[in-house]
Amino acid sequence: MIHYILRRILILAPTLIGITLVSFLILQLVPGDPARTIAGLEADEDTVQAVRRELGLDKPLIVQYGLFLKNAVTGNFGQSIRTKNSVMAEIWPRFLNTLRLTFASIVISVIVGVAIGTIAAKHHNTAVDYATMGLVLLGVSTPTFWSGLIIILVFSVSLGWFPSGGAHGLIHLVLPAVTLAAPSAAITARMTRSSMLEVLRQDYIKTARAKGQKESRVIYGHALKNALIPTVTIVGLQFGYLMGGAVLVEIIFTWPGLGRLIVNSILTRDYPIVQAGVMLFATTFVLTNLIVDILYHYLDPRISYDGD
Amino acid sequence: MTETSPPKKPIGQFGLFWRRLRRNRLAVAGMLIIAAIVLVSLLAPHIAPYDPLKQNYRALLAPMSGQHWFGCDQVGRDIFSRIVHGAGITLRIGVLAILIGMAAGIGLGLLGGYYGGLMDICVVYLTDILLAFPGLLLALAVIAIFGPGITSVILACSFSSIPQFIRVTRGVVLAEKEKDYVTAARAIGERHTAIMMRYILPNCVAPLVVLVSLRMAVIILIASGLSFLGFGAQPPSPEWGAMLSEGRAYLQTAPHIAIFPGLAIMTVVLAFNLLGDGLRDALDPRMKI
């Protein structure tokens, strides 16, 4: 097991380097002079020169990248152009907020998704199955930046049950987390349903039924446990997509997360924030997938740790 | 030469596929919706009762009525007419982004899968890196570089589709390249490009068709999301995401401004998802896309 984990981490290293390379290139690829971009359009030539020297932008590209990498490892991403604060101080609290939102969403999407998927599989090829699968299709096809507005309209404006924005406690988390969770709950439901149907065809399920086990016990005791294994991998992927999707939800619910900060920083051309934010998201995503992979191997004894 | 003998059933592979697809009512519904939207976008000037940009100060925030089916927005523009005109923008972005993403993805997938070795390592590496930026993030990175605008949105959407097209193409190439017909093609002296394009690529068509339909759904969501954030089509363009964003400020007083563009996006995305699922079931239900 340890051997397997170490190997997975080794395989991950090039991807992590690739992520830093892409983030590094964001500033380099912006048309025009990076020093001028950071100094601001109205800065005079001396200031631009000073910025260029200070950030090492006068050095060869490969040296610059080395510097960027070294700084990234130590968590030093420079200063925000707009606020002059350190980038880390700007993005870290925002990142934690996004994680909070993402975690709440993943919990909702797993509970709702697994429940719906199990019900659909249990009632395979009946009206219940078709209705839930219809819901699933709607779930993956509805833009969150629209469903979020509808949810605000209903639960905040009309009913007044929840606040429409802000982040002052659990109550502010409900609507954005539900909005964000919907598409991913739909995907989890679809996955659970198909793996549940697969499992229900297995011999040990027939055995359980043959020995007179109650149907609910067959479904929840025997089948569900095994059907959930493929769902775990999907949840890992979902975590990443939720972080990506959080951008839109954070904007709608004025949730002070990293996605919203990145969007605002693109608009104000605050590139150090964009670079660090994008890098932090991607790194978290890749690391989550690593953990999920390890978990998957741990859960499914049929998979060996050594061979691939 | 049993492998090249003509198909036994007179109906043929395509006929079989078409029959299965036609029997899938949801897929047919998807197809009909897509056809209707293409038609609407082509005939927009004839269908829309009003000029999508013309402001009418006597109809500010007008609710739904016989005159204005979907009501009017904050400057009195007819929302139905704007949605009709917006269909073309959405489809154009989607089709262009798919074409670019597909061309790059198929090319890289073929090269990596066929030649293997260092080339393949590079292609897989690129795929892994692109996939490390989930969903909207890769698109946002592209927007950060190229700045807001429709061209950037098209590029951003195509970038986010490249890894999927690489994966599907490469997977098929790896499965096919060891088969006898490819060895035979090599033996008769076919060139590498000919083997890739004429022998292997046709095997990719089925999964690629499914992928195109499902990716269209995702791309339309990303593109309208980017416009909603203010990075894509700019006002007064009747792009659906941009319209939704404009309607946000009037959510309490005139919710119809935001509701109808959202419904339009959802309908198109749903149609492509229905068609994609139907295509997969008709071509090969075990296909993993």
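Values for this structure:
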| read-out | value |
| --- | --- |
| Subset of the range A:227-280 [under 25 Å from A:D293 (Cβ atoms) and acidic (D, E)] | none |
| Flag for A:G32 being within 14 Å of chain B (Cβ to nearest Cβ), of a type outside the set (S, T, N, Q) and surrounded by 18 or more Cβ atoms within 10 Å (Cβ to Cβ) | no |
| Of all residues making up the range A:260-286, the number that are more than 8 Å from chain B (Cβ to nearest Cβ) and modelled with pLDDT under 90 | 4 |
| Cβ-Cβ under 9 Å pairs, at least 6 apart or on other chains, the range B:240-263 side more than 8 Å from chain A (Cβ to nearest Cβ) and without any contact (Cβ under 8 Å) to a residue 24 or more places away in the chain, far side surrounded by fewer than 22 Cβ atoms within 10 Å (Cβ to Cβ) and hydroxyl-bearing (S, T, Y) | none |
| Candidate set from the range A:69-101 (those that are of a type in the set (S, T, Y) and buried (at least 19 other Cβ atoms within 10 Å of the Cβ)); member that is farthest from A:T15 (Cα to Cα) | A:S80 |
| Some residue of the range A:152-159 being touching a residue at least 24 places away in the same chain (Cβ under 8 Å) and within 25 Å of B:I222 (Cβ to Cβ) | yes |
| B:E176 vs. criteria free of Cβ contacts under 8 Å to residues at least 12 places away in the same chain, acidic (D, E) and away from chain A (no Cβ under 12 Å) | no |
| Filter result for A:G221 (more than 10 Å from every other protein chain (Cβ to nearest Cβ), surrounded by fewer than 24 Cβ atoms within 10 Å (Cβ to Cβ), modelled with pLDDT under 80 and assigned to a loop (DSSP other than H, G, I, E, B)) | no |
| Only one of A:A72, A:A43 that is more than 32 Å from the chain's Cα centre (by Cα) and of a type in the set (A, V, I, L, M) | A:A43 |
| Members of the range A:124-170 that are farther than 26 Å from B:G225 by Cα and of a type in the set (A, V, I, L, M) | A:A127, A:V128, A:A131, A:L159, A:L170 |
| Residues of the range A:264-277 that turn out to be surrounded by fewer than 23 Cβ atoms within 10 Å (Cβ to Cβ) and within 23 Å of A:S105 (Cβ to Cβ), as a count | 1 |
| Members of the range B:54-69 found to be of a type outside the set (F, W, Y) and surrounded by 14 or more Cβ atoms within 10 Å (Cβ to Cβ), listed by number | B:Q55, B:N56, B:A59, B:L60, B:L61, B:A62, B:M64, B:H68 |
| Within the range A:1-116, helices (runs of 4 or more DSSP H) holding 2 or more residues that are within 27 Å of A:V263 (Cβ to Cβ), among the aromatic types (F, W, Y) and at pLDDT 85 or above | A:61-73 |
| Odd one out for A:E198, checked against (1) more than 14 Å from chain B (Cβ to nearest Cβ); (2) surrounded by fewer than 21 Cβ atoms within 10 Å (Cβ to Cβ) | (1) |
| Contacts under 7 angstrom Cβ, first residue in the range A:130-151 being within 7 Å of chain B (Cβ to nearest Cβ), partner outside any helix (DSSP H, G or I), 6 or more apart | A:L149/B:L251 |
| Residue within the range A:58-81 that is of a type outside the set (S, T, N, Q), within 14 Å of another protein chain (Cβ to nearest Cβ) and touching an Asp or Glu at 6+ places or on another chain (Cβ under 9 Å) present | yes |
| Number of the condition not met by A:A185 [criteria: (1) touching a Lys or Arg at 6+ places or on another chain (Cβ under 8 Å); (2) modelled with pLDDT of 90 or more] | (1) |
| One residue from B:L221, B:L130, B:L155, B:L174 being surrounded by 21 or more Cβ atoms within 10 Å (Cβ to Cβ) and among the hydrophobic types (A, V, I, L, M, F, W, C) | B:L221 |
| The listed residue being among the hydroxyl-bearing types (S, T, Y), surrounded by 19 or more Cβ atoms within 10 Å (Cβ to Cβ) and either within 14 Å of chain A (Cβ to nearest Cβ) or touching a helix residue (DSSP H, G or I) at 6+ places or on another chain (Cβ under 6 Å) (or both), out of B:S161, B:S81 | B:S161 |
| Output for the range B:127-140, where each listed residue is within 7 Å of chain A (Cβ to nearest Cβ), in a helix (DSSP H, G or I) and closer than 20 Å to A:T144 by Cβ | B:L136, B:L137, B:L140 |
| Qualifying residue in the range A:164-174 (condition: more than 10 Å from chain B (Cβ to nearest Cβ), closer than 27 Å to B:I220 by Cα, in a loop (DSSP other than H, G, I, E, B) and modelled with pLDDT under 90) | yes |
| Flag if A:F253 is away from every other protein chain (no Cβ under 11 Å), in contact (Cβ under 8 Å) with a residue 60 or more places away in the chain and aromatic (F, W, Y) | yes |
| Boolean, A:M191 is facing chain B (nearest Cβ under 10 Å), surrounded by 18 or more Cβ atoms within 10 Å (Cβ to Cβ) and out of contact with any Cys (no Cβ under 6 Å at 6 or more places or on another chain) | no |
| Counted residues, the range B:145-158 - those being away from chain A (no Cβ under 11 Å), part of a helix (DSSP H, G or I) and not aliphatic (A, V, I, L, M) | 3 |
| Sole exception among (1) more than 13 Å from every other protein chain (Cβ to nearest Cβ); (2) under 17 Å from A:I251 (Cβ atoms); (3) not β-branched (V, I, T) for B:L211, by number | (2) |
| Index of the failed condition, B:Y50 passing every other in (1) outside any loop (DSSP other than H, G, I, E, B); (2) modelled with pLDDT under 85; (3) crowded, with 16+ Cβ neighbours inside 10 Å | (1) |
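For (1) without any contact (Cβ under 8 Å) to a residue 60 or more places away in the chain; (2) of a type in the set (V, I, T); (3) at negative phi, each residue gets a yes or a no:
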residue: A:T47; (1), (2), (3): yes, yes, yes
residue: A:L55; (1), (2), (3): yes, no, yes
residue: A:P60; (1), (2), (3): yes, no, yes
residue: A:V63; (1), (2), (3): yes, yes, yes
residue: A:Q79; (1), (2), (3): no, no, yes
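The values are calculated or read from the model by the stated rules, or taken from the named source; none is laboratory data. Computed from a prediction, not measured in an experiment: that's the story for all the values here. Glycine also receives a Cβ, built like all others from the backbone with ideal geometry; neighbour counts cover every protein chain displayed.
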